[in-house]
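The values are calculated or read from the model by the stated rules, or taken from the named source; none is laboratory data. This one's a predicted model, so the numbers in the text were calculated from it and none came from an experiment. Using ideal geometry, Cβ is built from the backbone for each residue, glycine included, and neighbour counts are taken over all protein chains shown.
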Amino acid sequence: MEIQNMSKDEEIEKLLESVKNITSKKSDWEFKDSFKPQYTTGKGLNRKVVEEISDIKNEPDWMRRIRLKALEIFEAKPVPTWGPDLSGIDWENISYYNKPGDSNTNSWDDVPEMIKDTFQKLGIPEMEQKYLAGSVAQYESEGVYHSLRKVWEDKGVVFMDLDSAIREHPDLVKQYFCKAVPITDNKFAALNGAVWSGGSFLYVPKGVHIDMPLQTYFRMNNEGTGQFEHTIVVADEGSSVHYIEGCTAPRWDKNSLHSAIVEIYVNKNAKARYTSVQNWSKSVYNMPTKRAWVEENGQMEWVGGSLGSKVTMLYPSSYLRGPHASASNLNISLAGPGTVKDTGAKALHFAPYTTSKIVAKSISIEDGKAIYRGLLRINKGAVESKSHVQCDALLINDESASYTFPHDEIYEPTATFGHEASVGKIGTEELTYLRSRGLSEDEASSMIVLGFLDDVMREIPMEFAIEMNRLIKMEMSKMGAVG
Amino acid sequence: MGIMTELIIKNLSARVEGKEILRDVNLTVRGGEIHALMGPNGAGKSTLGNVLIGHPNYEITGGSIKLDGVELVGKYPEERARAGLYLAFQSPVAIPGVKLSAFLRTAYKNLHPEEKLSVNDFYKLVSSHLKKVGLDESFMSRSVNDGFSGGERKRLEILQMVILRPKIIVLDEIDSGLDVDALGLISDEILQFFNDQTAFLIVTHYQRILKRIDPQFVHVLMNGKIAKEGDRELALRIENEGYDWIRGN
């Protein structure tokens with residue numbers, strides 16, 4: 001038994017080393033490149049901009065109509081005030097569409113040198129070779145690269161950026177586009193509907209089980225830009241798939257906006273896992289809307305790591321629509337200095353015998369604020385449905401803060417649900433103990449933080465755990481003084 | 001011949017939460033020596049251990065602590081550990097989620113960066129010593145002290161000492177909470193580790209450990225001061241007569 005443990009630890013250590021080697025020594029994802037987009041709609045948003053985007057993409061009419069309708073909704077809806085302060089979003093000074101270049105290729109050799117270099121620094125091509133069944137890379141507003149191993153292509157799997165999918169599989173896309181997340185959902189979903197560009201489309205046919213993950217990597221490069229990808233994952237009946245998203249952006253002074261839509265359709269007896277590691281720079285407002293429709297006996301798993309960004313509002317939701325559908329959310333949020341993480345999950349039980357499980361762990365550093373905001377709704381008729389919510393917060397400094405806002409709407413008397421919450425502070429005794437054995441303050445505090453996350457880390461994919469591990473260690477070591 | 005190990009504590013005074021606990025403590029411990037530190041409850045024995053390792057809740061108000069000529073006052077706990085100081089805590093704290101294997105390996109790498117022991121060899125080393133202190137291998141993948149009994153925590157303190165190989169070791173009531181058999185195992189590990197480059201300061205109330213690990217020097221701390229010094233005879237007399245006769249001096 002121990003031998004297995006050892007070799008797993010050794011493997012993790014080796015992987016960590018190799019990750020270190022393929023990423024730039026300087027400060028990892030924070031590097032900037034001087035790439036200028038080939039085309040931009042300029043600053044600000046109006047009908048002309050939306051039409052321009054639609055023209056460039058040479059879209060079908062139905063899509064153009066959705067965009068224009070969405071713009072109206074966006075303009076009509078007020079900025080939400082029930083959560084974090086969003087007054088720093090400089091709507092007029094954001095450029096909503098930035099096209100990096102003409103190529104969208106399936107060979108890294110054809111990706112423009114500077115962009116290729118960026119993804120290489122982030123270790124994307126290497127990851128693709130080692131762990132992935134397919135990969136899409138997006139730079140600013142457009143996908144620049146996509147690939148899918150032939151074995152899956154032959155089985156009818158579709159994996160490409162959404163723009164290409166609309167051209168190549170229009171009917172399939174139309175069937176799912178904005179069904180789970182309608183453009184009327186909220187102001188940011190409407191914005192996405194109007195100016196969306198890029199994102200991935202993944203379709204897994206009936207009965208196909210993809211045993212390696214597929215990944216999309218999003219990179220924002222220029223300051224004052226917006227990224228509005230729209231991703232659709234369809235796991236058709238009896239299929240299974242694991243889709244991963246990674247996001248980074250360099251450090252800027254000017255605020256930027258990321259407002260994505262992710263729609264996941266888990267059909268009967270299917271299983272989908274969506275993993276995302278978001279590590280935006282501290283100038284990004286991150287406001288995505290992510291939702292899954294889970295049909296009979298389907299299983300949806302959300303695994304999320306939310307680091308960086310100035311403000312994040314993110315509540316992946318699961319609509320349990322068929323009997324015995326289930327959903328789980330494992331979320332880790334790190335609220336660094338000067339940042340607000342307003343994150344959580346929603347589970348809506350519409351059918352009998354549905355289950356949901358939510359585990360949220362947050363870490364607040366210095367004046368970072370971590371908020372858990374959740375919704376649990378069990379409709380009348382969702383008999384014998386079950387839900388469990390657990391939120392744990394760790395505060396690193398005296399001024400660190402954490403709040404919990406769970407909201408329950410239970411209309412079914414046979415349903416059972418439970419909540420657990422804990423708040424802890426990193427302790428002097430623990431730190432001193434570890435330091436007295438030769439660990440630096442950074443090492444000791446990141447070890448305690450990772451220890452706090454351990455029960456979640458055990459349940460998530462190893463590559464993700466390693467990446468989170470690395471990012472948290474980096475975040476902690478930037479902190480300097482702790483305690 | 002290696003370099004001489006020498007800890008010199010000079011006129012050391014310290015306080016906790018504004019209260020003076022140590023006053024002008026003088027103590028010298030050299031490689032190859034075993035010292036016992038005794039004294040009634042509240043005399044400042046544990047404070048001395050914590051002050052030595054640089055616990056941030058303890059404030060040094062005067063004096064110096066030199067290890068092999070290097071001043072430790074003002075240094076971080078990790079720097080003191082690197083200098084070769086080790087405290088086996090009286091009540092080791094539990095750290096949920098921090099795996100013993102990962103923690104110990106990081107500590108080992110920090111303290112012995114020049115040694116390139118593979119992960120497997122390192123774990124073999126830890127496994128063999130786990131057995132010697134009476135813990136099974138499953139402890140390797142458990143969280144540090146989390147859910148451990150009092151005795152298990154003490155065993156783990158000794159295990160860490162053997163793996164990390166410090167020079168000056170303070171054992172703060174390592175004998176409390178251990179049954180006779182466990183005390184035997186622990187004492188054997190301590191004695192095996194002991195050599196002319198290492199030194200022990202054993203903080204204890206009892207003879208039972210001093211019978212196994214024979215001290216050449218015995219110091220009695222009372223009211224934050226070294227009130228009496230002697231050899232093993234002093235420890236025996238305290239066992240029989242208590243501390244009152246020293247107070248009377």
## Note on the structure
Per the filter on segment B:6-19, residues at pLDDT 95 or above and either of a type in the set (D, E) or buried (at least 21 other Cβ atoms within 10 Å of the Cβ) (or both) are B:E6, B:L7, B:I9, B:L12, B:A14
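Considering B:I158, B:I246, B:I163, B:I190, which residue is touching a residue at least 60 places away in the same chain (Cβ under 8 Å) and of a type in the set (V, I, T)?
One residue alone meets the criteria, B:I158.
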### Task
Working only within segment B:116-150, note down all residues that are within 9 Å of chain A (Cβ to nearest Cβ), assigned to a loop (DSSP other than H, G, I, E, B) and free of Cβ contacts under 8 Å to residues at least 12 places away in the same chain.
B:S118
### Single condition B:L185 does not satisfy, out of (1) touching a His at 6+ places or on another chain (Cβ under 6 Å); (2) surrounded by fewer than 20 Cβ atoms within 10 Å (Cβ to Cβ)
(1)
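Might you check whether a residue that is acidic (D, E) and over 27 Å from A:I115 (Cα atoms) occurs anywhere in segment A:213-230?
No, the conditions are met nowhere in segment A:213-230.
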#### Entry: Enumeration of residues in segment A:263-287 that are more than 13 Å from the chain's Cα centre (by Cα) and over 17 Å from A:E237 (Cβ atoms)
A:S281, A:K282, A:S283, A:V284, A:Y285
### Message
Scan segment A:443-462 and tell me whether some residue there is closer than 12 Å to B:G97 by Cα, free of Cβ contacts under 8 Å to residues at least 40 places away in the same chain, more than 8 Å from chain B (Cβ to nearest Cβ) and among the charged types (D, E, K, R).
### Response
yes
### Query
Looking at (1) surrounded by fewer than 19 Cβ atoms within 10 Å (Cβ to Cβ); (2) among the basic types (K, R); (3) more than 13 Å from the chain's Cα centre (by Cα), can you tell me which one B:R165 breaks?
(3)
### Of all residues in segment A:53-79 being modelled with pLDDT of 95 or more, not hydrophobic (A, V, I, L, M, F, W, C) and not in a helix (DSSP H, G or I), the one that is surrounded by the fewest Cβ atoms within 10 Å (Cβ to Cβ)
A:P78
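State yes or no: is A:G418 assigned to a strand (DSSP E or B), within 14 Å of another protein chain (Cβ to nearest Cβ) and of a type outside the set (D, E)?
On the way: assigned to a strand (DSSP E or B): yes; within 14 Å of another protein chain (Cβ to nearest Cβ): no; of a type outside the set (D, E): yes.
Here the answer is no, as A:G418 does not meet what is asked.
Would you call B:Y108 crowded, with 19+ Cβ neighbours inside 10 Å, within 12 Å of another protein chain (Cβ to nearest Cβ), closer than 18 Å to A:S446 by Cβ and among the aromatic types (F, W, Y)? Don't jump to the end; show me each part of the working.
Numbers: crowded, with 19+ Cβ neighbours inside 10 Å: yes; within 12 Å of another protein chain (Cβ to nearest Cβ): yes; closer than 18 Å to A:S446 by Cβ: yes; among the aromatic types (F, W, Y): yes.
Yes.
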### Query
What number of residues within segment A:429-440 satisfy the criterion of being more than 7 Å from every other protein chain (Cβ to nearest Cβ) and either more than 11 Å from B:I95 (Cβ to Cβ) or without any contact (Cβ under 8 Å) to a residue 12 or more places away in the chain (or both)?
0
### Query
Right, B:P92: within 15 Å of the chain's Cα centre (by Cα) and over 17 Å from B:K167 (Cα atoms) or not?
yes
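Answer yes or no: is there a residue in segment B:95-106 that is part of a helix (DSSP H, G or I) and more than 25 Å from A:D392 (Cβ to Cβ). Break it down into steps so the answer makes sense when it comes.
We begin by selecting, within segment B:95-106, every residue part of a helix (DSSP H, G or I); these are B:100-106.
Next, only the ones that are more than 25 Å from A:D392 (Cβ to Cβ) stay: B:104-105.
Yes, segment B:95-106 contains a residue that is part of a helix (DSSP H, G or I) and more than 25 Å from A:D392 (Cβ to Cβ).
In segment B:54-64, which residue that is within 14 Å of chain A (Cβ to nearest Cβ) and on the phi < 0 side of the Ramachandran plot is surrounded by the most Cβ atoms within 10 Å (Cβ to Cβ)? So that I can check it myself, show each step before the final result.
Keep residues of segment B:54-64 that are within 14 Å of chain A (Cβ to nearest Cβ), which gives B:54-59.
From the residues that got through so far, the ones that are on the phi < 0 side of the Ramachandran plot too are B:55-59.
Numbers: B:H55: 24, B:P56: 13, B:N57: 12, B:Y58: 21, B:E59: 15.
Among residues in segment B:54-64 that are within 14 Å of chain A (Cβ to nearest Cβ) and on the phi < 0 side of the Ramachandran plot, the one surrounded by the most Cβ atoms within 10 Å (Cβ to Cβ) is B:H55.
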### Query
All but one of (1) over 27 Å from A:V340 (Cβ atoms); (2) away from chain B (no Cβ under 14 Å); (3) under 28 Å from the mean Cα position of the chain (by Cα) hold for A:S400; which doesn't?
(1)
### Message
Please go through segment A:127-153 and give me each residue that is more than 21 Å from the chain's Cα centre (by Cα) and either assigned to a helix (DSSP H, G or I) or within 26 Å of A:T40 (Cα to Cα) (or both), ordered by number.
### Response
A:Q129, A:K130, A:K150, A:V151, A:W152, A:E153
### Task
Working only within segment A:174-190, note down all residues that are surrounded by fewer than 23 Cβ atoms within 10 Å (Cβ to Cβ), outside any loop (DSSP other than H, G, I, E, B) and in contact with a strand residue (DSSP E or B) (Cβ under 8 Å, 6 or more places away or on another chain).
A:Y176
### Query
With B:V16, B:V51, B:V73 as the choices, which residue is within 14 Å of chain A (Cβ to nearest Cβ) and farther than 28 Å from B:L191 by Cβ?
B:V16
### Residue among A:G238, A:G193, A:G198 that alone is outside any strand (DSSP E or B), surrounded by 24 or more Cβ atoms within 10 Å (Cβ to Cβ) and out of contact with any Ser or Thr (no Cβ under 7 Å at 6 or more places or on another chain)
A:G193
## Note on the structure
Just one listed residue, out of B:A83, B:A102, B:A36, is under 18 Å from the mean Cα position of the chain (by Cα), of a type in the set (G, A, S) and within 14 Å of chain A (Cβ to nearest Cβ), and it is B:A83
### Message
Between A:V241, A:V208, which is under 16 Å from A:M300 (Cβ atoms) and of a type in the set (A, V, I, L, M)?
### Response
A:V241
### Message
Let me confirm something: among B:D146, B:D121, which residue is more than 19 Å from the chain's Cα centre (by Cα) and within 23 Å of A:R458 (Cα to Cα)?
### Response
B:D146
